[in-house]
Amino acid sequence: MNIKIHIPGLPPESLPKHVAIIMDGNGRWARKHLMQRTMGHSRGVNSVNRITRFASDLGIANLTLYAFSTENWNRPREEVDALMCLIGETILREAPELKENNVHINLLGDIDRLPEQVQRNLQEGVDLTASCDGLNLNLCLSYSSRWEITDAVKAIAADVAAGKIDPAQITEDTISSRLQTAGIPDPDLLIRTGGEQRISNFLLWQIAYAELYFTDILWPDFDEEAFTQALTQYANRERRFGMTSDQIQSLLK
């Protein structure tokens, strides 16, 4: 990983290898500024660009963004249509720069449910950045964790029925290998902007031992300084994974 930026007091080894973000607050940002909700989503794209570039320059390996949940399909039709258009146009516009910055686009979610033109735009971005081996940018679109886990269970059940798997041999790795994130390390840090303190059906399996960070900052206002604050708090936490502090310290010696 090519590191272009060093944050004073935060050596590269103290940074998370995988950051997941629930990008919340676009609509409230728009209301605060007396704008339509769609303008909040448009301004939110600017934060996506800033944080993606910053994470890439810091040498973070994976950035997973909750861009559109399966529950978001229940929003007003005009807002959903505007979001779909924004997603498709943004990928086409930003993919060349992402490639230039060695960022690889990866799609997670029920992509077949998206409008065909949006799917084509997304695939073009994936294809354009396929050879990039820097930051892995995981975009969660039409995604929810319960949908993902249910889909994984169906796949495992089908293999059991076909005699390919002995139920007694099913392990956590068996389940992880059927998830959308197969092959991607679990998040070290989960950030949620916008002041809410819940997970909202996002990466429920994968964040079992992630550090959680909640901020009141609305997503369109979340910038490099705000991201640095989250990374600093993460670096100052002790991750014990069920062990004691003494055990962790002995492993570090």
Considering only residues that are outside any strand (DSSP E or B), farther than 21 Å from Asn72 by Cα and within 14 Å of the chain's Cα centre (by Cα), which ones fall in region 183-205? Ile184, Pro185, Asp186, Pro187, Asp188
Lone qualifier among Thr52, Thr38 - being open to solvent by less than 30 Å² (accessible area, probe 1.4 Å), hydroxyl-bearing (Ser, Thr, Tyr) and in contact with a helix residue (DSSP H, G or I) (Cβ under 8 Å, 6 or more places away or on another chain): Thr52
The lone exception for Met84 - which of (1) surrounded by 15 or more Cβ atoms within 10 Å (Cβ to Cβ); (2) touching a residue at least 60 places away in the same chain (Cβ under 8 Å) it fails: (2)
Report whether or not Glu94 is over 23 Å from Glu211 (Cα atoms), acidic (Asp, Glu) and open to solvent by less than 20 Å² (accessible area, probe 1.4 Å). no
Residue that is modelled with the lowest pLDDT, among those in region 234-244 that are under 18 Å from Asp188 (Cα atoms) and open to solvent by less than 80 Å² (accessible area, probe 1.4 Å): Met243
Odd one out for Tyr213 among (1) in contact with a strand residue (DSSP E or B) (Cβ under 9 Å, 6 or more places away or on another chain); (2) assigned to a helix (DSSP H, G or I); (3) among the hydroxyl-bearing types (Ser, Thr, Tyr); (4) open to solvent by less than 40 Å² (accessible area, probe 1.4 Å): (2)
Residue pairs, Cβ under 9 Å, 6 or more apart or interchain, first in region 222-243 and closer than 30 Å to Val45 by Cβ, second outside any helix (DSSP H, G or I) and open to solvent by 70 Å² or more (accessible area, probe 1.4 Å). List them. Thr232/Gly9; Ala235/Gly9
Restricting to region 156-199, name every residue that is polar (S, T, N, Q) and open to solvent by 50 Å² or more (accessible area, probe 1.4 Å). Gln169, Thr171, Ser177, Gln180, Gln197
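The values are calculated or read from the model by the stated rules, or taken from the named source; none is laboratory data. Because the structure is predicted, anything quoted here is derived from the model rather than measured. Neighbour counts run over all protein chains shown; Cβ positions are idealised from the backbone, glycine included. To get the accessible areas, we keep the full protein, side chains included, count just its heavy atoms, and leave off ligands, DNA and RNA. Shrake-Rupley method; radii C 1.70, N 1.55, O 1.52, S 1.80 Å.
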